[in-house]
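One structure is given below, encoded as structure tokens.
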Amino acid sequence: MNPVTRREALLSTALLSALAGIGLLGATTARAASGPFAATSVADALKALGAEPTVSGEVALSSPDIAENGAVVQVGVTSKLAKTTEIHVLVEKNPMPLVASYRIPEGTDAFLQMRSKMGQTTNVWALVKADGRWYSASKETKVTLGGCGG
């Protein structure tokens, strides 16, 4: 087998760039939100997930009492429930409340930290699926400078 020469590598790169430039070759096109991510209310998102949660003290949600900038709000969720398989974060007054979904592999700690945008003062929800049942926790976060177009 002959090694690729520098000229062949440059020619291949130029050809691939030209194909991408005219649209015959490119990255996968982003798809519109679907399923639970397309929901426009917390109730619709819960319905799309098939969740009827029970409030649990075993689900800890952390978010600031007052967020000075709604464009970057730190949110954390910890589940002390055995057999946690999913964690979802919802921001009630966002245009699409479901902002993140995580699958938790068996044998790992059910803990996450993330950032979310919030356009206004709202409730943040942590939704946890553990051992086939749904649990939740919520907290109000006051936003002084909007992040969703504010």
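Values quoted throughout were computed directly from the atomic coordinates according to the rules given, and no laboratory measurement underlies them. In this text the structure is predicted, and so the values were computed from the model without any measurement. Every residue, glycine among them, receives a Cβ derived from its backbone with ideal geometry; neighbour counts consider all protein chains shown.
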*asked:* Could you check the spin-label model distance between Val72 and Thr54? Points 7 Å from the Cα along Cα→Cβ, value in nm.
replied: 4.0
*What distance in nm separates the simple spin-label points at Ser101 and Leu10, each placed 7 Å from Cα in the Cβ direction?*
4.8
*Taking every Cα atom in the chain, find the radius of gyration and the maximum pairwise distance Dmax, and write them in Å.*
21.4, 65
*Please list, or write none, the lysines whose alpha carbon is within less than 29 Å of the alpha carbon of Lys117, excluding same-chain residues fewer than 8 places away.*
Lys47, Lys80, Lys93, Lys129, Lys139, Lys142
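Please state the relative contact order of the chain as a whole percent: Cα pairs under 8 Å, 6+ residues apart?
Over the chain, the number comes to 26 percent.
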